[in-house]
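Chemist: For reference, the structure I am asking about is given below.
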Amino acid sequence: MKAVRYTSMAALLGHEKIKMPKKKANNPPPQVPVYWIENSESVSRHFQFEPDGQLLVKIVDDSRPVAHRMVESFRNKFFPSGYPYSVNEGYLRYTKFRALQHFTSAALSVLSTQSLLFAAGLRPTPAQATAVSWILKDGMQHVGKLLCSNLGARMDSEPKRWRILADVFYDLGTGLEVLSPLCPHLFLEMAGLGNFAKGMALVAARATRLPIYSSFAKEGNLSDLFAKGEAISTLFNVVGMGAGIQLASTICSTMQGKLVVGPLLSLVHIYSVCEEMRAAPVNTLNPQRTAMIVADFVKTGRVSSPADLRYGEDLLFPGRLIEEAGNVMVGKALHKVVKPSELHQIKRIFPEEKFILHLGSRWTDMVLEHNATGEDALRGWLVAAYAADIKKCFNVCSEIVLQDAYERMNIVFSPFLSELQSKGWHTDRFLDGTGCRFSL
């Protein structure tokens, strides 16, 4: 019976095509836009995710006063997204003095260029002086780049110092240009020296810009910080040029007026850049900041953050020795620090370390290996600080002092380093400028 049914089914399949119903494709349902509305401070905002993942924000209702809306619009255009939570402490103070610095710098530039053209026998309008100033400045920038090419490592180590020196050079160059009408027979010399100083200043200012911006970056937003910082600079450069044109047409149309207003603008300019640099919490390790960190730790047992140390830095003379940190001097050539016979003795005390220490009567010399990091420099600095402390209390030979100090350093270093990194310090490199290193 089963065979008959099978045969008749086979015959049926052989003579007729059975149309099986096709399965409908499982098309995904259309995506509904994800959106929500947030109300805060008299503002209703509509948030919506696009299919590509982009978040769109639209203001639905805004009942705030016009002044409040203008302030927020300014903040959105000239401050990083998420401000003040997306930047480190001190950014607002830095920005205020940066704006004042660029304002005074642009005004001085107009006055100096007008004076240069007067000295050359021309009588330009203030607007013409503004246009020519850009040509002179850009031309000397290329010369400055060539002459400053070997100073990059020093600028990495001390960006604050070189940023201040850049503006000092700029104002010296501007001063020479302003004074050029008093000695028109020396026009070429005055203009050349002035533009040389300004060219050097421009290179130093641009080379130190990134380390300063990096110190404020908090959420990987360095590009946003850079863009908004340059927007602030451009805005106040334009405003300053306008003020310079007005001054050149009125108070500073005479040489006596320039000699009064020029120094005042220069003083405000230098003060502003000094305050900018004090506000910047640079978080890389160089000799001065490392010594300050170690001194605070040895004295109080506390690890200072970049924001804690920023106002204590010596911005113009960073090479000072700090007694509490062992009076460490770093960067001398190895052959000037130790004799070959002493080198093997020191390496026996620190067999696995990437530093050499030599205790002197007034300071301690430290020489680093070519691949030493910030952690290696910190280890050596702590040993030097503890060694100086032991020498005050006990009259023993240098070898015993270094051994005891090395043991004390090894006990405290791991928690010290962990807290240092949690405070935001970069310990993966040590920026000692052009200091000498060794390789064994």
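Chemist: Conditions: (1) open to solvent by 60 Å² or more (accessible area, probe 1.4 Å); (2) modelled with pLDDT of 65 or more; (3) not aliphatic (A, V, I, L, M). Residue 158 meets all but one. Number of the miss?
Modeler: Every listed condition holds for residue 158 apart from (1).
Chemist: A follow-up question, please. Please state which one of 223, 249 is of a type outside the set (A, V, I, L, M), loosely packed, with under 15 Cβ neighbours inside 10 Å and without any contact (Cβ under 8 Å) to a residue 24 or more places away in the chain.
Modeler: Of the residues listed, the single one that is of a type outside the set (A, V, I, L, M), loosely packed, with under 15 Cβ neighbours inside 10 Å and without any contact (Cβ under 8 Å) to a residue 24 or more places away in the chain is 223.
Chemist: Further question on the same structure: Are any residues in the stretch 392-440 within 21 Å of the chain's Cα centre (by Cα) and assigned to a helix (DSSP H, G or I), and if so, which ones?
Modeler: Answer for the stretch 392-440, where residues must be within 21 Å of the chain's Cα centre (by Cα) and assigned to a helix (DSSP H, G or I): 420, 421, 422.
Chemist: While we're here: Would it be correct to say that residue 229 is open to solvent by less than 70 Å² (accessible area, probe 1.4 Å), modelled with pLDDT under 90 and in a helix (DSSP H, G or I)?
Modeler: Considered against the rule, which asks whether it is open to solvent by less than 70 Å² (accessible area, probe 1.4 Å), modelled with pLDDT under 90 and in a helix (DSSP H, G or I), residue 229 comes out as yes.
Chemist: Here is a follow-up. Which residue is nearest to the chain's Cα centre (by Cα), if the candidates are limited to the stretch 345-359 and must be basic (Lys, Arg) and surrounded by fewer than 18 Cβ atoms within 10 Å (Cβ to Cβ)?
Modeler: So, considering only residues that are basic (Lys, Arg) and surrounded by fewer than 18 Cβ atoms within 10 Å (Cβ to Cβ), the one nearest to the chain's Cα centre (by Cα) is 347.
Chemist: Just checking, which of 360, 326, 312 is more than 24 Å from residue 411 (Cα to Cα) and in contact (Cβ under 8 Å) with a residue 12 or more places away in the chain?
Modeler: So the residue among 360, 326, 312 that is more than 24 Å from residue 411 (Cα to Cα) and in contact (Cβ under 8 Å) with a residue 12 or more places away in the chain is 312.
Chemist: Let me ask another. Look through the stretch 323-344, keep the residues that are of a type outside the set (A, V, I, L, M, F, W, C) and under 19 Å from residue 378 (Cα atoms), and return whichever of them is surrounded by the most Cβ atoms within 10 Å (Cβ to Cβ).
Modeler: Of everything passing the filter in the stretch 323-344, 326 is surrounded by the most Cβ atoms within 10 Å (Cβ to Cβ).
Chemist: Counting just the residues of the stretch 360-390 that are of a type in the set (D, E, K, R) and more than 21 Å from residue 327 (Cβ to Cβ), which one comes out least open to solvent (accessible area, probe 1.4 Å)?
Modeler: 369
Every residue, every condition in (1) at pLDDT below 90; (2) open to solvent by less than 10 Å² (accessible area, probe 1.4 Å); (3) under 28 Å from residue 432 (Cβ atoms), yes or no:
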{"site": "151", "(1), (2), (3)": "yes, no, yes"}
{"site": "166", "(1), (2), (3)": "no, yes, yes"}
{"site": "177", "(1), (2), (3)": "yes, yes, no"}
{"site": "182", "(1), (2), (3)": "yes, no, no"}
{"site": "186", "(1), (2), (3)": "yes, no, no"}
{"site": "191", "(1), (2), (3)": "yes, no, no"}
{"site": "196", "(1), (2), (3)": "yes, no, no"}
{"site": "202", "(1), (2), (3)": "yes, no, yes"}
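Chemist: Consider residue 255 carefully, then state whether it is modelled with pLDDT of 95 or more and on the phi < 0 side of the Ramachandran plot.
Modeler: Numbers: modelled with pLDDT of 95 or more: no; on the phi < 0 side of the Ramachandran plot: yes.
For residue 255, the condition - modelled with pLDDT of 95 or more and on the phi < 0 side of the Ramachandran plot - is not met.
Chemist: What are the residues in the stretch 292-316 that are under 20 Å from the mean Cα position of the chain (by Cα) and open to solvent by less than 50 Å² (accessible area, probe 1.4 Å), if any?
Modeler: Across the stretch 292-316, the qualifying residues are 292, 293, 304, 305, 306, 307, 309, 310, 312, 313, 314, 315.
Chemist: Have a look at 239, 260 and point out the one that is open to solvent by 60 Å² or more (accessible area, probe 1.4 Å), of a type in the set (Val, Ile, Thr) and without any contact (Cβ under 8 Å) to a residue 12 or more places away in the chain.
Modeler: One residue alone meets the criteria, 260.
The values are calculated or read from the model by the stated rules, or taken from the named source; none is laboratory data. The model shown is predicted, which means the values in this text are computed figures rather than measured ones. Here Cβ is always computed from backbone atoms with ideal geometry, including for glycine, and neighbour counts include all displayed protein chains. Just the protein is used for accessible areas: all its heavy atoms, side chains included, with ligands, DNA and RNA removed. Shrake-Rupley method; radii C 1.70, N 1.55, O 1.52, S 1.80 Å.
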